[in-house]
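Below you'll find the structure, written out as structure tokens, and then a few comments.
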Amino acid sequence: MSTTDLSALQRPSGAFAMLAVDQREAMRNMFAEHTDQPVTDEDLRDFKLAAARILTPYASGVLIDRQFALDQAIEAKVVDPGCGLIASADHFESAHDELVGEVTIDKLVDPGKYAALGAKALKLLVLYRPDEPAEGRVEMVREFVDSCKSAGLISIIEPVSRKPLAGGDFDWNAGILAAAKELGSLGADLYKAEVPFKGQASEAEVRAACAELSKAIDGPWVVLSSGVPEDVFPEAVRWACLEGASGFLAGRAVWASCIGSPDVIESLSTDAVQRLQRLCAVVDEVVTAQRTNA
């Protein structure tokens, strides 16, 4: 288990309550659902910067992508001083009929440069496909972890379960656990996992699957919100934390419903802030109780 100090991304309770605004073409598609006009890079950048400015006073960490907003967020100082900056270090390519079908380490995200600019961590997305060899994923994660360590940055990996390229039967939940078993003990400081069953199963089923993740991951882990309905996510976070998770690193469950609002800034300042505060309360309560009972 890593002994890296993670406090730059934690709340006083020890819980992680981190915001993600690093979605790229997926975010463009979210905007496109609400307009007939082309969604520009500037539209995405403006939203990301506004979300970071409004929401980071309530978050313990924020994840921002280089492609659209990282440098601009640093220059404009939109991230609250009490919120740890996480830089996305992954390069996405569309392939296999998927918006993100291939992922590599983004060589334009220089760990030393961003550490000097105040970043506390880097994040790497990893696609787990059951019919692709493990070696490529393992090698990429090890390279990423080493580069973070050399720069004094926290390393966060985000393995996600994907369909086999060859087609055929596909057990998405099995892929979440298989990815954790393969990649959860390679030295990453923090593991970001999908919520089993997208949170849409019985409490017993979701918690049992989360308990398996805790066994497989050698270190702290958090959940993401993609695929989990906004109203389900707080309870899903609670269940995950009851079984060993330490919080969340999420975007959609906080701000997605603000997109398309007649007044996006107002919606971020009210609805999204309230959702984030509720999630913070959930992780504080459960993580504090778990530590007390440990």
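Values in this text are rule-based calculations from the coordinates and carry no lab data. For clarity, every value in this text was computed on a predicted model and none was experimentally measured. Note that each Cβ is placed from the backbone with ideal geometry, even for glycine, and that neighbours are counted across all protein chains shown.
Quick notes on this structure:
- The stretch 1-51 and the stretch 206-241: distance between their alpha carbon centers, rounded to Å: 19 Å
- Per-pair calculated FRET efficiency, R0 = 25 Å: Glu285 and Arg142 via Cβ, rounded to 0.05: 0.10
- Counting DSSP beta bridges with both ends in the chain, the antiparallel % (nearest 5): 20 percent
- Ser185/Asp131 FRET efficiency (R0 25 Å; Cβ-Cβ; nearest 0.05): 0.65
- For Asp218, Asp263, the sequence from fewest to most other C-beta atoms within 10 Å is Asp263, Asp218.
- Kyte-Doolittle mean at least -0.5, axial Cα span of 27 Å or more - DSSP H helices of the chain: 273-293
- 11 Å beta-carbon shell around Val287, net charge (K/R +1, D/E -1): +1
- Taking a point 7 Å from the Cα of Lys113 along the Cα-to-Cβ direction, the residues of the stretch 65-95 with backbone N closer than 17 Å to it are 65-76, 86-92.
- Local net charge near Cys258, Cβ-Cβ under 10 Å (Lys/Arg +1, Asp/Glu -1): -2
- Note on the chain: Kirkwood hydrodynamic radius from all Cα pairs is 19.1 Å, rounded to one decimal.
- Shape category assigned to the stretch 140-286 from the gyration tensor of Cα positions, a/c cut at 1.5: prolate
- Two-site FRET efficiency, His96 against Gln277, from Cβ-Cβ distance with R₀ of 41 Å, rounded to 0.05: 0.60
- The order of Ser7, Ser214, going from fewest to most other C-beta atoms within 10 Å of their C-beta, is Ser7, Ser214.
- Lys, Arg +1 and Asp, Glu -1 on Cβ, resulting dipole of the chain about Cα centre, debye, nearest 20: 880 debye
- Backbone N within the stretch 265-289 under 17 Å of label point (7 Å from Thr35 Cα along the Cβ vector): 265-268
- Estimated purely from DSSP H runs of n ≥ 4, each contributing -39500 (n - 2.57), the mean residue ellipticity at 222 nm for the chain is -12000 deg cm²/dmol once divided by its residues.
- A simple count of charges around Pro229, restricted to other residues whose Cβ falls under 11 Å of its Cβ and scoring Lys, Arg +1 and Asp, Glu -1, yields -1.
- Among Pro159, Ser246, Pro234 the positive-end extreme of the charge dipole of the chain (Cβ point charges): Ser246
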